[in-house]
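K.L.:
Just passing along the structure, written as structure tokens.
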Amino acid sequence: MQPSFALVCDKRTKCFLLFIRGAISTKERLTAATAAEVPFHHIILSEGQISNVVLGYAHCGMLAGARWIARLAIPHLHNKIQEFPGYQIKVIGHSMGAGIGAILTCILREHYEFSSCSCLAFAPPACMTWELAESGKEFITSLVNKNDVVPSFSKVSTESLRSEVMVSSKLDDVQGHFHHGLFSSISQRVAFFRSHMLTISHSTEKIADHDSSISEPLLKDSADWIQPPVNGHSIDCSGQQVVTSEERVTLVNTEDVTCVKSAVSGFTSQEDSDRNGALDTHQSSTTTNEGEEALNQNGTRNDKQKEPISASGSRQFFPPGRIIHMVAQPPPDPTPGEGTSSNEIIGIYETPRDLYGKIRLAPNMIKEHYMPSYISTMESLLEQLQKGDDNTVCTTSNDL
């Protein structure tokens, strides 16, 4: 809980720069892994008076690291502010250091002499709840590089990803069992009827209609034939009919498919049943409870709750402050035979916070988190800005 940091006085820009490093050592990684959610309240000052208090939760390890740095840095900052009046305080961090820096900035701004403190967070992790993250939009800027996964990585988002993977795996198993069971059932029925083909085709004059006595034994044998079980569930296809008309035998009808589908329904997971039941309960309650609708219309309840609580009781964390995302775009007219990596265009967007409530998998989501990748992307962006091609730079997320 004691991250590495450095406090620098930059006389050229008239700033005190407080740099916080990301997790490199084992102890720093343990700080990042201490991801329990703890209460954290941010006091907002206005002209030296308390104007508002923002309640929320924050990452335990990062909050402890921020408070530890604050205890060490505040005395030095207090002395230097008196020595160099008018200097600004800027907190800069990467990865875990970005999350610690954002929380530290909130702590420093609770002191009147540090009320102008700001933060620049590179690759910030999801480290605080929605209200706290929103309260820092005026003094915290979070910069995200391409497919970096860390800003959307939290306990709730990982649980959601795990649930999606499990559901997808179960659906694949159900489809596999369904196709295997259907194929097995049809193949065994075909073998059964082939064994009776000799009796049916012995003499064409003995082929009867639907109500004849020849078709009745076949129907009886077909009904008594033991169906193959599918995942422990027997298929009752007593409604199987064999039509011997115009010297043709219909092996499978719609009732077979219905029987197989009824057996496959046994593979539906309990989670899906519970979810469907909860959905039905929610729909019925919303249609009958007019009082709750009145509360929503009066604004006493927020329909877009941004802090969902997972099944394990964890709260959703988000990256702090105003989020700026650098996105790689292919060139408008790529040159044939050349890769797009060297010719890519970097677009910069101010993205909505709820975009980072879900993990989006990408091939380079880990590589693009490290600082060399951030530097490379920013250098490409600066080159485009120096060329004066304003059409390649975007400022909103409407074009995404």
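The values are calculated or read from the model by the stated rules, or taken from the named source; none is laboratory data. Since we're looking at a predicted model, the values are computed, not measured. When we count neighbours, we look across all protein chains shown, and the Cβ atoms used for this are built from the backbone with ideal geometry, even at glycine. All accessible areas refer to the heavy atoms of the entire protein, side chains included, with ligands and DNA or RNA removed. Shrake-Rupley method; radii C 1.70, N 1.55, O 1.52, S 1.80 Å.
K.L.:
Name the pairs whose Cβ atoms lie under 7 Å apart, with the first residue in the range 360-376 and over 20 Å from R162 (Cα atoms), the second surrounded by fewer than 17 Cβ atoms within 10 Å (Cβ to Cβ) and not small (G, A, S), and 6 or more positions between them or separate chains?
P.N.:
These pairs meet every condition: S373/K367.
K.L.:
State the number of residues belonging to the range 115-158 that are open to solvent by less than 10 Å² (accessible area, probe 1.4 Å) and on the phi > 0 side of the Ramachandran plot.
P.N.:
Of the residues in that region, 1 qualify.
K.L.:
Kindly indicate whether A33 is open to solvent by 50 Å² or more (accessible area, probe 1.4 Å), in contact (Cβ under 8 Å) with a residue 24 or more places away in the chain and within 19 Å of H369 (Cα to Cα). I'd like the intermediate steps shown before the answer.
P.N.:
Working: open to solvent by 50 Å² or more (accessible area, probe 1.4 Å): yes; in contact (Cβ under 8 Å) with a residue 24 or more places away in the chain: yes; within 19 Å of H369 (Cα to Cα): yes.
Here the answer is yes, as A33 does meet what is asked.
K.L.:
Can you give me the number of residues within the range 61-112 that are open to solvent by 10 Å² or more (accessible area, probe 1.4 Å), closer than 20 Å to P151 by Cα and of a type in the set (S, T, Y)?
P.N.:
The total comes to 1.
K.L.:
Consider only pairs whose beta carbons are under 8 Å apart and that are at least six residues apart or on different chains; among these, list those whose first residue lies in the range 45-56 and is open to solvent by less than 70 Å² (accessible area, probe 1.4 Å) and whose second residue is in a strand (DSSP E or B) and among the hydroxyl-bearing types (S, T, Y).
P.N.:
Partner pairs satisfying both residue conditions: L45/S51.
K.L.:
Helices (runs of 4 or more DSSP H) wholly in the range 118-207 with at least 1 residues that are modelled with pLDDT of 80 or more - which ones?
P.N.:
So the answer is 130-135, 155-195.
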